[in-house]
Amino acid sequence: MRGTLRLGRREFGAHEPVIMAIVNRTPDSFYDRGATFRDEPALERVESAVSEGAAIIDIGGVKAGPGEEVTAEEEARRTVGFVAEVRRRHPDVVISVDTWRHDVGEAVCEAGADLLNDAWGGVDPLLAEVAARYGAGLVCTHAGGAEPRTRPHRVAYDDVMADILRVTLGLAERALALGVRRDGIMIDPGHDFGKNTRHSLEATRRLGEMAETGWPVLVSLSNKDFVGETLDRPVKERLTGTLATTAVSAWLGARIYRVHEVAETRQVLDMVASIAGHRPPAVARRGLA
């Protein structure tokens, strides 16, 4: 049963889609190539995302893919002070930090983070304990057992959705047992993480199986490689494919959407919600005069 999601000062109803805007504090992110590495453009990005309808700001200090080593100390340097400044400027926005390290998680929670986005599937089991201790939310992701910052290589599943459910539900139940609030736990199929394109397409096609568990489902689809390979498009030409995948995911029951393009995603989610009968049209003139 779909329940209320509570993160920071915000509560989100069962049929309220939630946009999580990506703010990369990295010089080498795959999409923006370091555009928000410096504080000023990163803060401008936060302002823009909030004004366009993002309820969550997801701050990351290490890019997901391979690259130059980033120590925990450097990751914290990139994120902790920024979290504190976003918290000061936006008391009501939900602040998420994309990290797999418990020591970074602790530092950002001290600075005001409300949510820990563990994209690498519990590789550091202490991270869930940090979420419990600080009353923070937690994203439980399927990464196929991959080590952080590695790409999938000849990965295979007998049934990819069965594995996604086994892993994410296990992580969610463990988090709950450790004391993480039930209404702050989300599950994420982990598109591209430990998966090839066919796996990610199947995970999307069967997303309803995750929604049926009752745990809120987060999807991180924005401009990812499975979209690029499906349509044979480079990173900067994947918006249409991303929005199509977003619409399908919304129809199948996803609730939280981690994105680069907030305004476009907002329109897609509003349209799907209206078709589903959960949102009235913004205006109603046609055929009434």
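Values quoted throughout were computed directly from the atomic coordinates according to the rules given, and no laboratory measurement underlies them. Predicted, not measured: the structure shown is a model, and the values here were computed from it. Every residue, glycine among them, receives a Cβ derived from its backbone with ideal geometry; neighbour counts consider all protein chains shown.
Kirkwood hydrodynamic radius of the stretch 90-221, from the reciprocal of the average inverse Cα-Cα distance over all distinct pairs: 14.8 Å. Between D183 and E69, the C-beta separation translates, for a Förster distance of 41 Å, into a calculated FRET efficiency of about 0.65.
Sort 169-175, 189-195 for me by packing, meaning the mean count of neighbouring Cβ atoms within 10 Å per residue, highest on top.
189-195, 169-175
With 0.36 nm allotted per residue and the present C-alpha distance subtracted, the A162-W251 stretch has 30.0 nm of extension available. Which of the three applies to the stretch 55-142, rounded, prolate or oblate, going by the alpha-carbon gyration tensor with a ≥ b ≥ c and a/c under 1.5 meaning rounded? The shape class here is oblate.
Under 5 Å between amide hydrogens, built in the peptide plane, is the criterion, and for G137 it picks out G8, L115, L116 among residues at least 5 positions away or on other chains.
For the residues L116, L207, what sequence is obtained by ranking on other C-beta atoms within 10 Å, fewest first?
So the residues, fewest neighbours to most, are L207, L116.
Put a dot 7 Å past the Cα of E264, heading toward its Cβ, do the same for A284, and the two dots end up 3.1 nm apart.
As a test, work out the antiparallel percent of DSSP beta bridges whose residues both lie in the chain, rounded to the nearest 5. That works out to approximately 10 percent antiparallel.
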